[in-house]
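First up is the structure itself, then whatever we jot down about it.
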Amino acid sequence: MPNTSERREITGRVNAKEAETIQESKELLAKTKRFSAIADSQNRARRTRELKGPPRGPKTLP
């Protein structure tokens, strides 16, 4: 049976698809980390405000 190099073509396509999938996975991971960091900083700021209590204004004399 002659070698038609179909196997090499298929292997090349599979490798390209796998590389694309890995790249998409890395991008999704980076995006998730960014959103987690943003949410974490917002939560930390909100907790800090809650612990400090309501802002106090200047005292007025009667």
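For Lys33, which aspartates and glutamates qualify as cross-link partners when the Cα separation must be under 19 Å and same-chain residues fewer than eight apart are set aside? The qualifying aspartates and glutamates are Glu24. Electrostatic tally near Asn43: other residues with Cβ closer than 13 Å to its Cβ, Lys and Arg +1, Asp and Glu -1, net +2. When ligands, DNA and RNA are left out and all protein chains stay put, how many square angstrom of accessible area per residue does region 4-44 have with a 1.4 Å probe? Solvent-accessible surface per residue comes out at 92 Å².
The values are calculated or read from the model by the stated rules, or taken from the named source; none is laboratory data. Bear in mind the structure is a predicted one, so any value in this text is a computation, not a measurement. Cβ atoms come from the backbone with ideal geometry, glycine included; neighbour counts cover every protein chain shown. Heads up: the accessible areas ignore ligands, DNA and RNA and are worked out on the full protein's heavy atoms, side chains in. Shrake-Rupley method; radii C 1.70, N 1.55, O 1.52, S 1.80 Å.
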